1. Describe numerically, in nm with one decimal, the distance between label points set 7 Å from Cα along Cα→Cβ at residue 120 and at residue 262.
2. Among 128, 248, which comes first, then next, by fewest other beta-carbon atoms within 10 Å?
3. Residues of region 246-283 with the amide nitrogen closer than 18 Å to a label point 7 Å from the Cα of residue 195, along Cα-to-Cβ, please.
4. Starting from the Cα of residue 244, step 7 Å along the direction of its Cβ; do the same at residue 278; then give the gap between the two resulting points in nm.
5. For region 153-271, just say rounded, prolate or oblate: build the C-alpha gyration tensor, square-root its eigenvalues into a ≥ b ≥ c, call rounded for a/c under 1.5, and beyond that prolate if a/b exceeds b/c, oblate if not.
6. What's the extension gain from residue 173 to residue 213 if we count 0.36 nm per residue and subtract their Cα-Cα distance?
7. Bins of 5 Å, beginning at zero and ending with the bin holding the largest distance: percent of Cα pairs per bin for region 142-208, please.
8. Can you sort 177, 259 by how many other beta carbons sit within 10 Å, fewest first?
């Protein structure tokens with residue numbers, strides 16, 4: 001299941017620690033083997049047609065152009081078949097997250113923001129550096145050699161696209177790390193009344209100087225809007241920060257999320273935060 005969302009402003013949104021997909025839990029303390037065992041996605045059987053499509057025509061699982069393969073969180077059923085007006089080619093069928101790599105930039109009060117699907121060879125040094133920041137490591141548990149972060153990224157990129165790891169680019173500069181994933185297919189769905197196409201977000205703000213000054217809230221709102229704008233089947237964007245991480249919960253509230261409930265996850269007691277499509281212009 002998704003990691004604990006460390007926090008939007010203060011730092012790291014817990015990601016699955018060194019796992020493949022929605023598994024890793026940033027707050028876990030058990031051996032790596034135990035973490036991996038608990039971090040698997042829901043035991044859903046994807047249609048053979050979808051598996052063949054992912055393997056043969058959507059290698060980067062992000063539906064992105066030049067970016068590397070996508071990662072694994074959770075996804076839902078079969079891809080929508082191409083309609084009669086769909087252009088020909090391998091991107092006729094949308095991936096499980098509607099091609100995050102094609103969403104484009106979003107204007108925010110803090111600058112022009114863009115989600116850029118991760119390319120390991122290019123992005124590993126900066127992401128690994130962030131993971132070794134003490135404030136981030138406490139939640140993501142990926143500190144140490146770059147190999148740990150690389151394994152975490154490649155596990156998603158080699159998956160079927162249920163989770164897409166991205167760099168957050170603000171005015172062209174990488175300053176945050178994101179995971180956009182299918183919450184309805186993630187182990188998180190065992191702990192709350194999930195709905196089809198619920199989409200989850202995990203966030204890590206890289207630089208200490210960028211934390212605690214409202215950037216997290218502004219970017220969370222922007223990313224939630226991007227999800228709702230580009231995923232018409234998604235009615236809710238969800239997150240599960242640690243209940244005791246007050247700055248993180250506050251950042252989500254300031255970003256238009258509502259506090260839905262408390263949920264007991266394997267690594268923490270979390271605040272289930274939801275941004276509803278129907279309320280997006282009111283909150």
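Laboratory data are not the source of any read-out in this text; all were calculated from the coordinates shown. A quick note: this is a predicted structure, and the numbers were derived from the prediction, not measured. We place every Cβ from the backbone using ideal geometry, glycine too, and count neighbours over all the protein chains shown.
1. Here the answer is 4.0 nm between the modelled labels.
2. Fewest to most other Cβ atoms nearby, the residues stand as 128, 248.
3. 256-262, 272-283
4. So the two model labels end up 3.6 nm from each other.
5. rounded
6. Value of the extension gain: 12.6 nm.
7. 4, 15, 20, 22, 19, 13, 6, 1
8. Taking fewest neighbouring Cβ atoms as first place, the list is 259, 177.
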